[in-house]
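Since the structure comes first, as C-alpha coordinates, the remarks are kept for the end.
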Amino acid sequence: MARRPRPLDPTDGPLQAFAHGLRELRESVGNPTYRSLARVAGFSATTLSDAAAGLRRPSLEVTLAFVGACQGDEEDWRRRWHRLEAELTDLRRDPADAELAAAVRESTATMTAAATATTPLGSLPVPAETFTTVSLDIAQPVPKGPWRGRVALAAGVVTALAGSMLALHLSTENSDRLALLPPGCPKPVSSKGGFGGRTYTDTTRVRDAPSLGGQVLQELPAGCRLKFTAYCLGDVVIDATGNSPDVRWFKLGDGYISSAVVHGNPPRELPPAACPGGLPGPTDLALTARPFAADPTSVELSVSGHQLGIVGFAAYYQDRGADRPHWHQLAMTTAKQEFRTTWQPGSAADGQPDVPVVAAACLGGQAPTDVSDALLVGTGQTGRPDTLTGDALQAARAEACRYPING
(Lines give C-alpha, C1' and ligand atoms only; values in the text may rest on other atoms or scores of the structure.)
Protein backbone atom coordinates (compact mmCIF):
# COMPACT_ATOMS: atom_id res chain seq x y z
CA MET A 1 0.00 0.00 0.00
CA ALA A 2 1.33 3.44 -0.90
CA ARG A 3 2.22 5.72 1.98
CA ARG A 4 -0.10 8.58 2.74
CA PRO A 5 1.58 11.93 1.98
CA ARG A 6 2.70 14.10 4.84
CA PRO A 7 0.02 16.71 5.72
CA LEU A 8 0.80 20.05 4.11
CA ASP A 9 -0.57 23.49 5.02
CA PRO A 10 -0.28 25.90 2.05
CA THR A 11 -0.41 28.85 4.45
CA ASP A 12 2.88 27.85 6.08
CA GLY A 13 4.95 29.58 3.39
CA PRO A 14 5.64 29.87 -0.34
CA LEU A 15 7.39 26.49 -0.58
CA GLN A 16 4.48 24.73 1.08
CA ALA A 17 1.98 26.55 -1.14
CA PHE A 18 3.95 25.53 -4.24
CA ALA A 19 4.06 21.86 -3.19
CA HIS A 20 0.38 21.95 -2.30
CA GLY A 21 -0.36 23.17 -5.83
CA LEU A 22 1.57 20.24 -7.30
CA ARG A 23 -0.45 17.84 -5.13
CA GLU A 24 -3.70 19.40 -6.32
CA LEU A 25 -2.57 19.07 -9.95
CA ARG A 26 -1.81 15.37 -9.40
CA GLU A 27 -5.20 14.85 -7.77
CA SER A 28 -6.92 16.55 -10.73
CA VAL A 29 -5.81 13.70 -13.03
CA GLY A 30 -6.91 10.91 -10.70
CA ASN A 31 -4.01 10.86 -8.20
CA PRO A 32 -1.75 8.52 -10.22
CA THR A 33 1.07 6.77 -8.41
CA TYR A 34 4.47 8.45 -8.50
CA ARG A 35 5.81 5.33 -10.17
CA SER A 36 3.42 5.79 -13.11
CA LEU A 37 4.25 9.51 -13.27
CA ALA A 38 7.95 8.65 -13.33
CA ARG A 39 7.48 6.61 -16.50
CA VAL A 40 6.08 9.70 -18.22
CA ALA A 41 8.23 12.40 -16.61
CA GLY A 42 11.66 10.84 -16.96
CA PHE A 43 12.54 11.40 -13.29
CA SER A 44 12.40 8.86 -10.47
CA ALA A 45 9.32 8.41 -8.32
CA THR A 46 11.32 9.60 -5.29
CA THR A 47 12.32 12.82 -7.05
CA LEU A 48 8.72 13.57 -8.04
CA SER A 49 7.45 12.74 -4.56
CA ASP A 50 10.04 15.10 -3.04
CA ALA A 51 8.84 17.89 -5.35
CA ALA A 52 5.39 17.71 -3.74
CA ALA A 53 6.66 17.20 -0.19
CA GLY A 54 7.18 20.89 0.59
CA LEU A 55 10.57 20.34 2.24
CA ARG A 56 12.85 21.76 -0.44
CA ARG A 57 12.48 23.64 -3.71
CA PRO A 58 12.43 21.28 -6.71
CA SER A 59 14.47 22.23 -9.75
CA LEU A 60 12.71 23.86 -12.67
CA GLU A 61 13.26 20.78 -14.84
CA VAL A 62 11.71 18.47 -12.23
CA THR A 63 8.78 20.85 -11.78
CA LEU A 64 8.05 21.02 -15.51
CA ALA A 65 8.39 17.24 -15.88
CA PHE A 66 5.95 16.74 -12.96
CA VAL A 67 3.47 19.18 -14.52
CA GLY A 68 3.83 17.71 -18.00
CA ALA A 69 3.17 14.19 -16.70
CA CYS A 70 -0.03 15.51 -15.08
CA GLN A 71 -1.11 17.28 -18.28
CA GLY A 72 -0.75 20.70 -16.61
CA ASP A 73 0.12 24.12 -18.03
CA GLU A 74 3.93 24.11 -18.13
CA GLU A 75 4.26 27.82 -18.93
CA ASP A 76 2.09 28.74 -15.93
CA TRP A 77 4.17 26.54 -13.65
CA ARG A 78 7.39 27.97 -15.08
CA ARG A 79 6.20 31.40 -13.91
CA ARG A 80 5.19 29.98 -10.54
CA TRP A 81 8.64 28.44 -10.10
CA HIS A 82 10.39 31.75 -10.79
CA ARG A 83 8.07 33.52 -8.30
CA LEU A 84 8.88 30.85 -5.72
CA GLU A 85 12.60 31.34 -6.27
CA ALA A 86 12.24 35.09 -5.76
CA GLU A 87 10.16 34.64 -2.61
CA LEU A 88 12.60 32.16 -1.10
CA THR A 89 15.47 34.52 -1.87
CA ASP A 90 13.61 37.28 -0.04
CA LEU A 91 13.09 35.07 3.02
CA ARG A 92 16.82 34.39 3.23
CA ARG A 93 17.51 38.11 3.52
CA ASP A 94 17.11 40.47 6.45
CA PRO A 95 13.34 40.93 7.08
CA ALA A 96 13.60 44.62 6.21
CA ASP A 97 15.27 43.76 2.92
CA ALA A 98 12.57 41.20 2.23
CA GLU A 99 9.88 43.84 2.64
CA LEU A 100 11.87 46.20 0.45
CA ALA A 101 12.14 43.61 -2.33
CA ALA A 102 8.45 42.80 -2.04
CA ALA A 103 7.59 46.46 -2.41
CA VAL A 104 9.81 46.81 -5.47
CA ARG A 105 8.15 43.81 -7.10
CA GLU A 106 4.71 45.15 -6.30
CA SER A 107 5.60 48.53 -7.80
CA THR A 108 6.80 46.94 -11.04
CA ALA A 109 4.10 44.27 -11.31
CA THR A 110 1.60 46.54 -13.03
CA MET A 111 4.10 47.69 -15.64
CA THR A 112 5.33 44.15 -16.24
CA ALA A 113 1.78 42.84 -16.64
CA ALA A 114 0.92 45.63 -19.06
CA ALA A 115 4.00 44.89 -21.14
CA THR A 116 3.30 41.15 -21.34
CA ALA A 117 -0.50 41.16 -21.55
CA THR A 118 -0.71 41.37 -25.33
CA THR A 119 2.79 40.33 -26.45
CA PRO A 120 4.59 37.06 -25.61
CA LEU A 121 7.68 37.55 -23.46
CA GLY A 122 10.08 36.22 -26.02
CA SER A 123 8.85 38.59 -28.74
CA LEU A 124 9.22 41.88 -26.85
CA PRO A 125 11.88 44.10 -28.45
CA VAL A 126 14.85 44.82 -26.18
CA PRO A 127 16.71 47.91 -27.41
CA ALA A 128 20.47 47.86 -26.97
CA GLU A 129 20.38 51.12 -25.04
CA THR A 130 18.31 49.42 -22.36
CA PHE A 131 21.47 47.78 -21.09
CA THR A 132 23.43 51.01 -20.67
CA THR A 133 25.25 50.91 -17.34
CA VAL A 134 23.45 52.88 -14.63
CA SER A 135 25.83 54.68 -12.28
CA LEU A 136 24.62 55.10 -8.70
CA ASP A 137 26.42 57.35 -6.21
CA ILE A 138 27.10 55.13 -3.20
CA ALA A 139 29.75 57.28 -1.57
CA GLN A 140 27.20 58.59 0.92
CA PRO A 141 25.65 55.78 2.97
CA VAL A 142 21.89 55.54 2.99
CA PRO A 143 20.68 56.74 6.40
CA LYS A 144 19.49 53.97 8.70
CA GLY A 145 15.85 54.24 9.58
CA PRO A 146 12.48 52.54 9.57
CA TRP A 147 11.96 50.14 6.69
CA ARG A 148 9.09 52.24 5.40
CA GLY A 149 11.54 55.00 4.59
CA ARG A 150 13.64 52.55 2.65
CA VAL A 151 10.56 51.41 0.73
CA ALA A 152 9.78 55.03 -0.16
CA LEU A 153 13.31 55.43 -1.51
CA ALA A 154 12.92 52.24 -3.54
CA ALA A 155 9.61 53.41 -4.96
CA GLY A 156 11.26 56.57 -6.23
CA VAL A 157 13.96 54.58 -8.00
CA VAL A 158 11.55 52.04 -9.49
CA THR A 159 10.02 54.42 -12.02
CA ALA A 160 13.43 55.30 -13.46
CA LEU A 161 14.67 51.70 -13.62
CA ALA A 162 11.44 49.86 -14.54
CA GLY A 163 12.26 49.59 -18.24
CA SER A 164 15.76 48.31 -17.54
CA MET A 165 14.53 45.82 -14.95
CA LEU A 166 11.87 44.45 -17.30
CA ALA A 167 14.29 44.10 -20.21
CA LEU A 168 16.87 42.46 -17.96
CA HIS A 169 14.25 40.02 -16.66
CA LEU A 170 13.21 39.08 -20.18
CA SER A 171 16.79 38.70 -21.33
CA THR A 172 17.64 36.54 -18.31
CA GLU A 173 14.57 34.34 -18.75
CA ASN A 174 15.31 33.74 -22.42
CA SER A 175 18.96 32.98 -21.59
CA ASP A 176 17.83 30.50 -18.93
CA ARG A 177 15.59 28.76 -21.45
CA LEU A 178 18.42 28.45 -23.96
CA ALA A 179 20.78 27.16 -21.29
CA LEU A 180 18.30 24.38 -20.42
CA LEU A 181 18.05 23.12 -24.00
CA PRO A 182 20.07 19.98 -24.78
CA PRO A 183 22.48 20.18 -27.73
CA GLY A 184 20.68 19.70 -31.03
CA CYS A 185 17.41 21.36 -30.01
CA PRO A 186 16.07 24.21 -32.16
CA LYS A 187 15.89 27.63 -30.54
CA PRO A 188 12.51 28.45 -28.99
CA VAL A 189 10.20 30.32 -31.33
CA SER A 190 8.19 33.17 -29.84
CA SER A 191 4.90 33.56 -31.65
CA LYS A 192 1.25 34.05 -30.89
CA GLY A 193 -1.06 31.07 -30.98
CA GLY A 194 -0.07 27.45 -31.26
CA PHE A 195 0.90 25.25 -28.33
CA GLY A 196 4.00 23.83 -26.70
CA GLY A 197 5.47 20.40 -26.07
CA ARG A 198 8.65 18.62 -24.98
CA THR A 199 10.42 15.68 -26.63
CA TYR A 200 11.13 12.75 -24.35
CA THR A 201 12.59 10.02 -26.54
CA ASP A 202 16.29 9.79 -27.32
CA THR A 203 15.56 10.33 -31.01
CA THR A 204 12.49 12.28 -32.10
CA ARG A 205 12.04 12.32 -35.87
CA VAL A 206 10.59 15.29 -37.73
CA ARG A 207 9.03 14.03 -40.98
CA ASP A 208 7.76 15.74 -44.10
CA ALA A 209 4.28 14.21 -43.69
CA PRO A 210 2.14 12.89 -40.82
CA SER A 211 3.16 9.34 -41.60
CA LEU A 212 5.71 6.83 -40.37
CA GLY A 213 6.71 6.47 -44.01
CA GLY A 214 7.42 10.17 -44.38
CA GLN A 215 10.94 11.40 -45.12
CA VAL A 216 12.93 12.28 -42.01
CA LEU A 217 13.84 15.97 -42.11
CA GLN A 218 15.51 16.22 -38.70
CA GLU A 219 16.24 14.20 -35.57
CA LEU A 220 15.90 15.86 -32.16
CA PRO A 221 17.16 14.68 -28.74
CA ALA A 222 15.07 14.31 -25.61
CA GLY A 223 14.30 17.46 -23.62
CA CYS A 224 13.65 19.88 -26.51
CA ARG A 225 10.90 22.40 -25.79
CA LEU A 226 9.09 23.07 -29.03
CA LYS A 227 6.39 25.44 -30.27
CA PHE A 228 3.87 23.89 -32.67
CA THR A 229 1.66 25.92 -34.98
CA ALA A 230 -1.09 23.33 -35.60
CA TYR A 231 -1.78 19.62 -35.72
CA CYS A 232 -3.33 17.20 -38.20
CA LEU A 233 -4.27 13.52 -38.28
CA GLY A 234 -2.11 10.75 -39.67
CA ASP A 235 -0.71 7.30 -38.93
CA VAL A 236 -1.40 5.66 -35.59
CA VAL A 237 1.68 5.67 -33.33
CA ILE A 238 1.82 3.94 -29.93
CA ASP A 239 2.80 6.16 -27.00
CA ALA A 240 5.64 4.32 -25.28
CA THR A 241 4.93 5.74 -21.82
CA GLY A 242 1.25 4.88 -21.67
CA ASN A 243 1.10 2.15 -24.34
CA SER A 244 -1.84 4.02 -25.86
CA PRO A 245 -2.37 4.90 -29.55
CA ASP A 246 -2.33 8.42 -31.00
CA VAL A 247 -3.17 9.76 -34.48
CA ARG A 248 -2.22 13.40 -33.92
CA TRP A 249 0.85 14.86 -35.64
CA PHE A 250 2.16 18.26 -34.52
CA LYS A 251 3.34 20.76 -37.14
CA LEU A 252 6.86 22.08 -36.52
CA GLY A 253 8.00 24.45 -39.27
CA ASP A 254 7.68 22.46 -42.51
CA GLY A 255 7.62 19.10 -40.74
CA TYR A 256 5.50 16.96 -38.44
CA ILE A 257 6.16 15.11 -35.17
CA SER A 258 3.93 12.37 -33.80
CA SER A 259 2.11 13.37 -30.62
CA ALA A 260 3.06 9.95 -29.20
CA VAL A 261 6.68 11.05 -28.68
CA VAL A 262 5.95 14.51 -27.25
CA HIS A 263 4.73 15.56 -23.81
CA GLY A 264 2.09 18.21 -24.40
CA ASN A 265 -1.34 18.46 -25.97
CA PRO A 266 -3.13 20.98 -28.18
CA PRO A 267 -5.81 23.08 -26.48
CA ARG A 268 -9.04 21.10 -26.35
CA GLU A 269 -10.87 23.74 -28.36
CA LEU A 270 -8.32 23.57 -31.22
CA PRO A 271 -9.56 21.34 -34.09
CA PRO A 272 -7.20 19.36 -36.32
CA ALA A 273 -6.06 21.12 -39.51
CA ALA A 274 -5.81 19.76 -43.02
CA CYS A 275 -2.25 19.04 -44.14
CA PRO A 276 -0.59 17.38 -47.16
CA GLY A 277 -0.64 13.63 -46.68
CA GLY A 278 -2.95 13.89 -43.65
CA LEU A 279 -6.09 11.89 -42.96
CA PRO A 280 -9.65 13.16 -42.46
CA GLY A 281 -11.27 12.92 -39.06
CA PRO A 282 -13.90 10.35 -38.01
CA THR A 283 -17.40 10.92 -39.35
CA ASP A 284 -19.62 8.17 -37.93
CA LEU A 285 -19.49 5.18 -35.59
CA ALA A 286 -21.85 2.30 -34.73
CA LEU A 287 -21.47 0.10 -31.63
CA THR A 288 -22.76 -3.48 -31.45
CA ALA A 289 -22.66 -6.04 -28.64
CA ARG A 290 -23.14 -9.82 -28.75
CA PRO A 291 -22.32 -12.82 -26.55
CA PHE A 292 -18.69 -13.84 -26.79
CA ALA A 293 -18.52 -17.32 -28.26
CA ALA A 294 -15.53 -18.44 -26.20
CA ASP A 295 -17.03 -17.29 -22.87
CA PRO A 296 -20.80 -17.07 -22.32
CA THR A 297 -20.32 -14.68 -19.37
CA SER A 298 -18.65 -12.09 -21.60
CA VAL A 299 -19.86 -9.83 -24.36
CA GLU A 300 -17.98 -8.80 -27.46
CA LEU A 301 -18.13 -5.08 -28.23
CA SER A 302 -17.31 -4.08 -31.79
CA VAL A 303 -17.42 -0.85 -33.77
CA SER A 304 -17.77 0.02 -37.44
CA GLY A 305 -17.63 3.44 -39.07
CA HIS A 306 -15.71 5.73 -41.38
CA GLN A 307 -12.29 7.39 -40.98
CA LEU A 308 -11.74 5.75 -37.60
CA GLY A 309 -8.19 5.61 -36.29
CA ILE A 310 -8.71 4.93 -32.58
CA VAL A 311 -11.82 3.82 -30.68
CA GLY A 312 -12.19 3.81 -26.91
CA PHE A 313 -14.78 1.91 -24.84
CA ALA A 314 -16.22 2.84 -21.43
CA ALA A 315 -18.92 1.36 -19.16
CA TYR A 316 -20.90 2.98 -16.35
CA TYR A 317 -21.23 0.83 -13.23
CA GLN A 318 -20.65 0.81 -9.48
CA ASP A 319 -17.59 -0.91 -8.04
CA ARG A 320 -18.09 -3.23 -5.14
CA GLY A 321 -17.98 -1.18 -1.95
CA ALA A 322 -18.23 2.14 -3.80
CA ASP A 323 -20.86 4.76 -2.93
CA ARG A 324 -21.96 5.39 -6.49
CA PRO A 325 -21.31 4.29 -10.07
CA HIS A 326 -18.90 6.01 -12.44
CA TRP A 327 -17.44 5.53 -15.91
CA HIS A 328 -14.70 2.91 -16.36
CA GLN A 329 -12.43 2.71 -19.39
CA LEU A 330 -12.58 -0.77 -20.94
CA ALA A 331 -10.08 -0.46 -23.81
CA MET A 332 -8.57 1.75 -26.49
CA THR A 333 -8.30 -0.05 -29.83
CA THR A 334 -6.95 0.58 -33.32
CA ALA A 335 -7.82 -0.79 -36.75
CA LYS A 336 -5.30 -3.59 -36.22
CA GLN A 337 -7.53 -4.79 -33.37
CA GLU A 338 -10.67 -4.30 -35.53
CA PHE A 339 -12.05 -1.84 -32.97
CA ARG A 340 -13.16 -4.75 -30.79
CA THR A 341 -12.91 -5.76 -27.14
CA THR A 342 -14.50 -8.27 -24.76
CA TRP A 343 -15.95 -7.52 -21.34
CA GLN A 344 -17.62 -9.40 -18.48
CA PRO A 345 -20.47 -7.16 -17.29
CA GLY A 346 -21.61 -9.53 -14.55
CA SER A 347 -18.27 -9.65 -12.74
CA ALA A 348 -17.94 -5.86 -12.75
CA ALA A 349 -21.51 -4.79 -12.10
CA ASP A 350 -23.32 -7.32 -9.92
CA GLY A 351 -26.93 -6.39 -9.39
CA GLN A 352 -26.98 -3.90 -12.27
CA PRO A 353 -28.97 -5.58 -15.08
CA ASP A 354 -28.34 -2.95 -17.76
CA VAL A 355 -24.99 -1.21 -18.04
CA PRO A 356 -24.52 1.84 -20.31
CA VAL A 357 -21.56 1.29 -22.62
CA VAL A 358 -20.11 3.96 -24.90
CA ALA A 359 -17.71 3.68 -27.81
CA ALA A 360 -16.05 6.94 -28.89
CA ALA A 361 -13.70 7.89 -31.70
CA CYS A 362 -10.47 9.20 -30.17
CA LEU A 363 -7.52 11.15 -31.53
CA GLY A 364 -5.33 9.91 -28.68
CA GLY A 365 -5.15 9.88 -24.91
CA GLN A 366 -7.16 12.75 -23.40
CA ALA A 367 -8.48 13.57 -26.88
CA PRO A 368 -12.06 12.38 -27.44
CA THR A 369 -14.17 13.48 -30.39
CA ASP A 370 -17.94 13.98 -30.52
CA VAL A 371 -18.34 10.87 -32.71
CA SER A 372 -19.73 8.10 -30.49
CA ASP A 373 -22.45 5.52 -29.95
CA ALA A 374 -24.01 3.97 -26.82
CA LEU A 375 -25.78 0.76 -25.80
CA LEU A 376 -27.38 -0.67 -22.69
CA VAL A 377 -25.65 -4.02 -22.24
CA GLY A 378 -27.35 -6.66 -20.10
CA THR A 379 -27.55 -10.41 -19.82
CA GLY A 380 -28.65 -11.66 -23.20
CA GLN A 381 -30.05 -8.39 -24.51
CA THR A 382 -29.07 -4.90 -25.56
CA GLY A 383 -30.87 -1.59 -25.92
CA ARG A 384 -30.29 2.12 -26.32
CA PRO A 385 -29.91 4.49 -23.35
CA ASP A 386 -32.30 7.42 -23.74
CA THR A 387 -30.82 9.69 -21.08
CA LEU A 388 -27.13 9.71 -22.05
CA THR A 389 -26.72 13.29 -23.26
CA GLY A 390 -24.92 16.54 -22.41
CA ASP A 391 -22.34 16.37 -19.62
CA ALA A 392 -22.93 12.65 -19.04
CA LEU A 393 -22.10 11.87 -22.66
CA GLN A 394 -19.01 14.10 -22.56
CA ALA A 395 -17.82 12.30 -19.41
CA ALA A 396 -18.34 8.94 -21.11
CA ARG A 397 -16.34 9.99 -24.18
CA ALA A 398 -13.55 11.41 -22.02
CA GLU A 399 -13.23 8.18 -20.05
CA ALA A 400 -13.32 6.05 -23.20
CA CYS A 401 -10.38 8.09 -24.57
CA ARG A 402 -8.57 8.54 -21.25
CA TYR A 403 -4.79 8.43 -21.25
CA PRO A 404 -3.94 5.44 -19.02
CA ILE A 405 -1.93 7.43 -16.50
CA ASN A 406 -2.86 5.30 -13.48
CA GLY A 407 -1.30 1.99 -12.58
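The gain in end-to-end length when the Gln344 to Leu55 segment is fully stretched comes to 99.4 nm, 0.36 nm per residue minus the alpha carbon separation.
The modelled label-to-label distance for the pair Asp9/Thr89, using points 7 Å beyond Cα in the direction of Cβ, is 2.9 nm. Measuring r between the beta carbons of His326 and Val189 and using R0 = 45 Å, the FRET efficiency lands at 0.60. With 0.36 nm allotted per residue and the present C-alpha distance subtracted, the Asp370-Gln307 stretch has 21.3 nm of extension available. Phi angles across the stretch 251-265 convert, under the Karplus curve 6.51 cos²θ - 1.76 cosθ + 1.60 with θ = phi - 60°, into 3J(HN,Hα) values of 7, 10, x, 9, x, 9, 10, 5, 4, 5, 10, 9, 7, x, 10 Hz, Gly and Pro given as x.
Looking at the stretch 204-289, the accessible area is 44 square angstrom per residue; that uses a 1.4 Å probe and ignores ligands, DNA and RNA. Measuring nothing but protein heavy atoms, the accessible surface of the stretch 283-332 at 1.4 Å probe radius is 50 percent carbon and sulfur.
Can you give the FRET efficiency for Glu27 and Asn243, using 1/(1 + (r/R0)^6), R0 = 22 Å, r = Cβ-Cβ distance, to the nearest 0.05? Working from the Cβ atoms, E equals 0.40.
For the stretch 245-373, the relative contact order is 26 percent, taking Cα pairs closer than 8 Å that sit 6 or more residues apart in sequence and dividing their mean separation by the residue count. Approximating the spin labels as points 7 Å out from Cα along Cα→Cβ, the Asp202-to-Glu75 distance works out to 3.3 nm. Working note: Karplus 6.51/-1.76/1.60 with θ = phi - 60° gives the stretch 195-203 the couplings 7, x, x, 9, 6, 9, 9, 4, 9 Hz, where Gly and Pro are set to x.
The values are calculated or read from the model by the stated rules, or taken from the named source; none is laboratory data. All values derive from a computational prediction rather than experimental measurement. As a convention, Cβ positions derive from the backbone with ideal geometry for all residues, glycine included, and neighbour counts pool all protein chains shown. These accessible areas exclude ligands, DNA and RNA; they are computed on the full protein's heavy atoms, side chains included. Shrake-Rupley method; radii C 1.70, N 1.55, O 1.52, S 1.80 Å.
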